[in-house]
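A short write-up of the structure that comes next.
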Amino acid sequence: MTSRTPLPIYALALTSFALGTAEFAPNGQLLSVSDGFAVPVADAGLITTGFAVGATIGGPLVAAATLRVPHKRLAVLLVSVFLVANVITALSPTLLAAVISRAVAGVVLGTFMGVAVTIASDLVSAARRGRAIALVFSGLTIANVLGVVIGNLAGNAWGWRSVFWFVTGLAIVSLIGLVAVLPRRTEAGAAQSGSVGTALRTGRLWMTYAAMALAYSGLFTMFTYIEPILQERTGVSSDNVVWLLLVFGVGLVIGTHFAGSFADRSIRATTVTAMIALVGVLVAFSVLDTNLVAVIVLLPLLGAAGYGMVPPLQSFAVEIARVTSPFISALAAASFMAGVSLGSAIGGEILRQRGGYDVLPLVGAGLTMVGLILFLVVTTVHQRVVRATL
């Protein structure tokens, strides 16, 4: 194993950027989608919901069904489907067609991130796994920064369909890169399937997935509603919200990068630090969200702590499973997506019950704390199991 980052990992990161842009960019164009299809904004939001459902449910199912498919062939096939799905979305004559094609694109994201983590993990030594996974996920995090800008600038200039034509262009470039640089080598499907079956019977793995979902839901209990929070609590104009979201995005890119390096030294310490930091920032946000200066300071910390959990938790799932498999990693990605859905649902219910926006960060902090406690229990049990087998 070379100490340099293998070129294929950069190709995987570029592809995850394309997938992430498809996920995040349309969120700023719901009004345009609503006008284009002559439907309520709530219905237009189904293009986001459809993508999330596809990633959460479809991703692991497709990953399970394709365990015997060589990794390079699977990655190329997935991106080809993603490309076609975005073309269909851009040409959709009805909202239903757009939602279905968005769901297909979501399935690709959920499956691809699993196979991408697997390929990246196989290309480096175990001591560099965290950094490799962080680099793959950096595409998603950068898309979270640039996707907001792309979605607003392109959509405002040429309409919401232009967003998906842009993503289609990214998919073409990504596909060329994957075909050119991904190695053909892959593990034997039968051996891998058996190892995965053993891993799925490990209770510690499922407890890890639950910890992922709970900790991540704490972030999205608040962040799902960040736009109205910034406008109503902080007093930021709608035109300036996007720039504060960019500040948040810079933090999550930095957090993901450093978390990967730190995870290679200690998965437990990195994860615990990120979760505790997230709890602290959420509590501080609840108290200080009416102060613009404080919000500008807290937003990048929120991004760094929230997304800093991703690389070490992905690495921990692989460590417990003791096999690098697209299915294992796809389940981890689905757990994070489940956390997004859970947090959004809890935050929405709080608001429906007339709870204030300042309550959301406190509830989120509580959820992340529960995730932290569960993670500590899992790591303690895992350490005992490891010592017992030595």
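The values are calculated or read from the model by the stated rules, or taken from the named source; none is laboratory data. From a predicted model like this one, the values you see are computed outputs, not experimental measurements. Here the Cβ is made from the backbone with ideal geometry for all residues, glycine too, and neighbour counts use every protein chain on show.
Among the numbered criteria (1) in contact with a Pro (Cβ under 8 Å, 6 or more places away or on another chain); (2) modelled with pLDDT of 85 or more, which one does S34 miss?
Result: S34 fails condition (2) only.
Give me the pairs, please: first residue somewhere in the stretch 216-240 and in a loop (DSSP other than H, G, I, E, B), second residue anywhere and of a type in the set (F, W, Y) and modelled with pLDDT of 85 or more, beta-carbon distance under 9 Å, and either six or more positions apart or on two chains.
Pairs that qualify, where the first residue is in a loop (DSSP other than H, G, I, E, B) and the partner is of a type in the set (F, W, Y) and modelled with pLDDT of 85 or more, are Y225/Y357.
Would you pick out the residues in the stretch 190-221 that are more than 30 Å from V69 (Cα to Cα) and either modelled with pLDDT under 90 or surrounded by fewer than 19 Cβ atoms within 10 Å (Cβ to Cβ) (or both)?
Once the filter is applied, which keeps residues that are more than 30 Å from V69 (Cα to Cα) and either modelled with pLDDT under 90 or surrounded by fewer than 19 Cβ atoms within 10 Å (Cβ to Cβ) (or both), the stretch 190-221 yields F220, T221.
Which of the residues that make up the stretch 179-189 are assigned to a helix (DSSP H, G or I), surrounded by 13 or more Cβ atoms within 10 Å (Cβ to Cβ) and modelled with pLDDT of 55 or more?
Correct list: V179, V181.
Considering only the stretch 364-388, state which residues are within 22 Å of L299 (Cα to Cα) and buried (at least 20 other Cβ atoms within 10 Å of the Cβ).
Within the stretch 364-388, G364, A365, L367, T368, G371, L372 meet the criteria.
Just name the residue that is farthest from the chain's Cα centre (by Cα) out of those in the stretch 251-300 that are not in a helix (DSSP H, G or I) and not polar (S, T, N, Q). Full working, then the answer.
Looking only at the stretch 251-300, we keep the residues that are not in a helix (DSSP H, G or I), and these are 264-266, 289-291.
Still in the running and not polar (S, T, N, Q): 264-265, 289.
Numbers: D264: 20, R265: 23, D289: 25 Å.
Taking the candidates together, the pick is D289.
Could you grab me the full set of residues in the stretch 341-366 that are farther than 24 Å from A210 by Cβ, charged (D, E, K, R) and without any contact (Cβ under 8 Å) to a residue 12 or more places away in the chain?
Matches in the stretch 341-366: R352, R354.
Residues of the stretch 37-75 being more than 22 Å from the chain's Cα centre (by Cα), at pLDDT 80 or above and among the β-branched types (V, I, T), which ones?
V39, V69 - these are the residues of the stretch 37-75 that are more than 22 Å from the chain's Cα centre (by Cα), at pLDDT 80 or above and among the β-branched types (V, I, T).
Which one is modelled with the lowest pLDDT among residues in the stretch 127-162 that are among the aromatic types (F, W, Y) and in a helix (DSSP H, G or I)?
Looking at residues that are among the aromatic types (F, W, Y) and in a helix (DSSP H, G or I), I get F137.
Which of the following residues is within 30 Å of V241 (Cα to Cα) and either basic (K, R) or in the same structural domain as S121 (by TED's automatic domain parsing) (or both): L7, L14, L61, L78?
L14
Any idea which residue in the stretch 280-294 is nearest to G366 (Cα to Cα), counting only those that are surrounded by fewer than 23 Cβ atoms within 10 Å (Cβ to Cβ) and among the β-branched types (V, I, T)?
Looking at the filtered set, the residue picked out is V283.
Quickly run through the stretch 89-99 and pick out the residues that are surrounded by fewer than 18 Cβ atoms within 10 Å (Cβ to Cβ) and part of a helix (DSSP H, G or I). Step through it out loud before you land on a result.
Here is the first cut: in the stretch 89-99, the residues surrounded by fewer than 18 Cβ atoms within 10 Å (Cβ to Cβ) are 91, 93-94, 96-97.
Across the stretch 89-99, the qualifying residues are L91, L96, A97.
Only residues that are without any contact (Cβ under 8 Å) to a residue 60 or more places away in the chain and of a type in the set (V, I, T): list them for the stretch 271-286, please.
T273, V281
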